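The values are calculated or read from the model by the stated rules, or taken from the named source; none is laboratory data. Please read all numbers here as calculations on a predicted model, not as lab measurements. Because the Cβ atoms are built from the backbone with ideal geometry, glycine has one as well, and the counts that use them run over all protein chains shown. Calculation scope for accessible area: heavy atoms of the full protein, side chains included, ligands and nucleic acids excluded. Shrake-Rupley method; radii C 1.70, N 1.55, O 1.52, S 1.80 Å.
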Amino acid sequence: MNEILDTMLARRATKRFDAAHKIPDETLAAILHAARTAPTAFNLQNWRFLVVRDPVIRAAIKEVAWHQPQIEECSALIVLCADMHAYAKDPGRYWKDAPEDMREKYVTMITQYYENNPAMQRDEAFRSAGMAAYALMMAAAAHGYDTCPMDGFDFEQVADIIRLPKDHALVMFVAVGKGTGALPPHGGRIPDADIVAYDRF
Ligand SMILES: Cc1cc2nc3c(=O)[nH]c(=O)nc-3n(C[C@H](O)[C@H](O)[C@H](O)COP(=O)(O)O)c2cc1C
């Protein structure tokens, strides 16, 4: 089996982390750097990663996240967000390395595709940040870290706590750290036949 598959198959949502473990800054930076390889439509790179380090902010978030211990015990709490208005913020920078004519073509397409379409702006934010979350989880695993994807929190209250900009979507958390203790039993996976369809539903 190859290492990517091994990592995917071994991953579990980790419920308890070693609160004493400090993740080195360079390791966290490397994980986040790898997460940004997650693809985005039109190369918008609209994901935004908020790293919550301040224990006071972590405690406030835990209060509105069902008191889940991961929030405070993890070594890095990453709040996955996305800028819904990334399409309008100097979009040429998303194609800065491309030839000029290609860049101009993409800027025109990006503008036409997203402006006046707030539903698409929001959907795209969730698609992008969802992909980045899994990329982040795989990168963390490659660096020897466990993760827990999380959306068990009050979105409005967390948005207030982190001062989420109005044009950003709050998507989910990924808690990163060193897992401790035994994992709870897995819920199980439904058969492939229940989730895969061909041609039409
Ligand atoms: C979007 C999302 C939100 C989740 N929220 C939480 C959460 O708030 N707390 C938690 O302990 N696990 C959370 N989980 C983890 C799931 O419970 C877990 O992924 C699922 O039970 C499958 O287990 P596995 O990831 O170990 O295979 C979440 C997972 C996803 C993808």
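Which aspartates and glutamates does residue 105 reach when only Cα atoms under 16 Å apart count, and residues fewer than 8 places away in its own chain are ignored?
Residue 105 reaches 90, 97, 115.
Read phi for every residue in the range 137-144 and hand back ³J(HN,Hα) as whole Hz from Karplus 6.51 cos²θ - 1.76 cosθ + 1.60, θ = phi - 60°, with x for Gly and Pro.
Listing the rounded values in order: 5, 5, 5, 4, 4, 4, 9, x Hz.
Subtract the Cα-Cα distance of residue 64 and residue 183 from 0.36 nm times their separation in residues, and report this length gain in nm to one decimal.
40.5 nm
Give, rounded to the nearest 20 debye, the magnitude of the charge dipole that the chain has about its Cα centre when Lys and Arg contribute +1 at Cβ and Asp and Glu contribute -1 at Cβ.
Using only the charged Cβ atoms, the result is roughly 260 debye.
With the full set of protein chains in place, find how many percent of the accessible area of the chain is carbon and sulfur; take the probe as 1.4 Å.
It is 54 percent, rounded to a whole number.
For a Förster distance of 30 Å, can you work out the FRET efficiency between the beta-carbons of residue 9 and residue 96, rounded to the nearest 0.05?
Efficiency, rounded to the nearest 0.05: 0.20.
Got the relative contact order for the chain handy, in percent, Cα pairs under 8 Å and 6 or more residues apart?
About 33 percent, as a whole number.
Taking every pair of distinct Cα atoms and averaging 1/r, then inverting, what Kirkwood hydrodynamic radius in Å comes out for the chain?
When all Cα pairs of the chain are included, the Kirkwood radius is 18.5 Å.
Convert each backbone phi in the range 117-127 into a coupling constant with the Karplus relation 6.51 cos²θ - 1.76 cosθ + 1.60 (shift: θ = phi - 60°), then list the ³J(HN,Hα) values in order as whole Hz, x for Gly and Pro.
9, x, 5, 5, 4, 6, 4, 5, 4, 6, 4
In whole Å, what three semi-axes, largest first, describe the equivalent ellipsoid of the range 1-61 built from its Cα gyration tensor (square root of 5 times each eigenvalue)?
Over the Cα atoms of the range 1-61, the ellipsoid semi-axes are 24, 21, 12 Å.
Can you tell me the length gained on complete extension of the stretch residue 120 to residue 105, counting 0.36 nm per residue apart and subtracting the Cα distance?
Extra length from residue 120 to residue 105 when fully extended: 3.4 nm.
Tell me the per residue accessible area of the chain using a 1.4 Å probe; a whole number in Å² is fine.
Using a 1.4 Å probe on heavy atoms only, each residue of the chain averages 60 Å².
Which order do the peptides 83-96, 167-180, 119-132 take when ranked by the mean count of other beta-carbon atoms within 10 Å per residue, highest first?
Going by the mean number of other Cβ atoms within 10 Å, highest first, we get 167-180, 119-132, 83-96.
Before rounding to the nearest 500, sum -39500 (n - 2.57) across all DSSP H runs of length at least 4 in the chain and divide by the residue total; then give [θ] at 222 nm in deg cm²/dmol.
Estimated from H runs of four or more residues: -12500 deg cm²/dmol.
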